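Below: one structure, written as structure tokens.
The values are calculated or read from the model by the stated rules, or taken from the named source; none is laboratory data. Because the structure is a prediction, the values reported are computed rather than measured. Here the Cβ positions follow ideal geometry from the backbone for every residue, glycine too, while neighbour counts run over all protein chains shown.
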């Protein structure tokens, strides 16, 4: 399924299911059979066959509750919630880390532990119940497998002059996956200073800033780029429609490929206009039915530890992750110091 892009700019496109979206202003009818979901992109397809497309339709068929949808980047969704906090329009928000933690720290989320959240790993949910992973995912890089017979093995391989003007990653602090580039580099190089020194050298090959990670995938598949960043769920789903796109995980000096979980995490918005409906939707996202479809429909990883899908996507995803060391970022530190990390990256790269 073609995936939508990952822009986190203020120029946000709204995709609405059903009638016109009320999120543009005015008070919502608390008794209406509807909810509004603000979400990072990557789970809805352009041709109507994506994970959200099926989940929204099935939920409405079962409950009569219409799902209205606004799509943007993780950071923009949090910014929009913050702007609307005195006139809340969204009921549910779905974002990537560290922006879901940011939403929580800003007081934008209400405590709610959906049915099934007790079977989500502790690392994939907020202990106080402010958010829960609904689709697990992992950060990755992609390469053009037609032009490169093997992917780059290490970060330092990306400094090769053959990648000049052929390498691009989305902007840290703006794009969720772009922020992930920063997090992985700081882990792999052993700290902020070493990572920034690397980014300064990498800038010689970098095409430049990109607010959208999703736009890099088609450019890589076409050969306009040889290497870009992404995430496993989005890029694996893309391979059906974008040939010549391979997934890899660059290693640090020790030669071990690494990544970390970058889940789609959902939370109940504080002062949501349709709280009861929103809770039903969050319960549904973690239901047996939906979690068994995460791999087969979304090309992602189930959030529940008790569900073991055996479809061909699940098997292929397992192969992609084989031999990759998964580390756990200190999200509390990242949330607290994200601005300083991004400022250091801007200083190092001149962006």
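Kindly indicate whether residue 282 is in contact with a strand residue (DSSP E or B) (Cβ under 8 Å, 6 or more places away or on another chain), under 28 Å from residue 114 (Cβ atoms) and either part of a helix (DSSP H, G or I) or free of Cβ contacts under 8 Å to residues at least 40 places away in the same chain (or both). So residue 282 passes the test. Does residue 247 fit the bill of being in the same structural domain as residue 154 (by TED's automatic domain parsing) and at pLDDT 95 or above? Yes; evaluated as a whole, the condition is true for this residue. Scan region 146-179 for residues that are at pLDDT 95 or above and within 21 Å of the chain's Cα centre (by Cα) and the total you get is 3. How about region 108-150: which of its residues are farther than 27 Å from residue 84 by Cα and in a strand (DSSP E or B)? Across region 108-150, the qualifying residues are 120, 136, 138, 139, 140, 141, 142, 143, 144.
Rundown of residues vs (1) crowded, with 17+ Cβ neighbours inside 10 Å; (2) in contact with a strand residue (DSSP E or B) (Cβ under 7 Å, 6 or more places away or on another chain), yes/no style:
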site: 139; (1), (2): yes, yes
site: 162; (1), (2): no, no
site: 171; (1), (2): yes, no
site: 185; (1), (2): yes, no
site: 206; (1), (2): yes, yes
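Restricting attention to region 244-267, the residues that are closer than 22 Å to residue 305 by Cα and assigned to a strand (DSSP E or B) total 8.
Residue 241 meets each of the listed conditions (1) without any contact (Cβ under 8 Å) to a residue 40 or more places away in the chain; (2) in a loop (DSSP other than H, G, I, E, B); (3) farther than 24 Å from residue 122 by Cα apart from (1). When 266, 228 are screened for being within 27 Å of residue 47 (Cβ to Cβ), in the same structural domain as residue 113 (by TED's automatic domain parsing), touching a strand residue (DSSP E or B) at 6+ places or on another chain (Cβ under 8 Å) and crowded, with 20+ Cβ neighbours inside 10 Å, only 266 passes.
In region 67-107, which residue that is in a strand (DSSP E or B) and touching a residue at least 60 places away in the same chain (Cβ under 8 Å) is surrounded by the fewest Cβ atoms within 10 Å (Cβ to Cβ)? The extreme case among them is 67.
Results for (1) in a loop (DSSP other than H, G, I, E, B); (2) touching a helix residue (DSSP H, G or I) at 6+ places or on another chain (Cβ under 8 Å), shown as yes or no for each residue.
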| residue | (1), (2) |
| --- | --- |
| 158 | no, yes |
| 165 | yes, no |
| 179 | no, yes |
| 187 | no, no |
| 196 | no, yes |
| 209 | yes, no |
| 214 | yes, yes |
| 219 | no, no |
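Taking the conditions exactly as written (more than 19 Å from the chain's Cα centre (by Cα), within 18 Å of residue 316 (Cβ to Cβ) and not assigned by TED's automatic domain parsing to the domain that holds residue 297), does residue 241 satisfy them or not? Here the answer is yes, as residue 241 does meet what is asked. Remark: residue 296 falls outside the filter, which requires a residue to be under 30 Å from residue 85 (Cα atoms) and either surrounded by fewer than 19 Cβ atoms within 10 Å (Cβ to Cβ) or without any contact (Cβ under 8 Å) to a residue 12 or more places away in the chain (or both).
Going through region 30-44 one residue at a time, which ones are over 11 Å from residue 278 (Cα atoms) and either assigned by TED's automatic domain parsing to the domain that holds residue 239 or part of a strand (DSSP E or B) (or both)? Of everything in region 30-44, those that are over 11 Å from residue 278 (Cα atoms) and either assigned by TED's automatic domain parsing to the domain that holds residue 239 or part of a strand (DSSP E or B) (or both) turn out to be 38, 39, 40.
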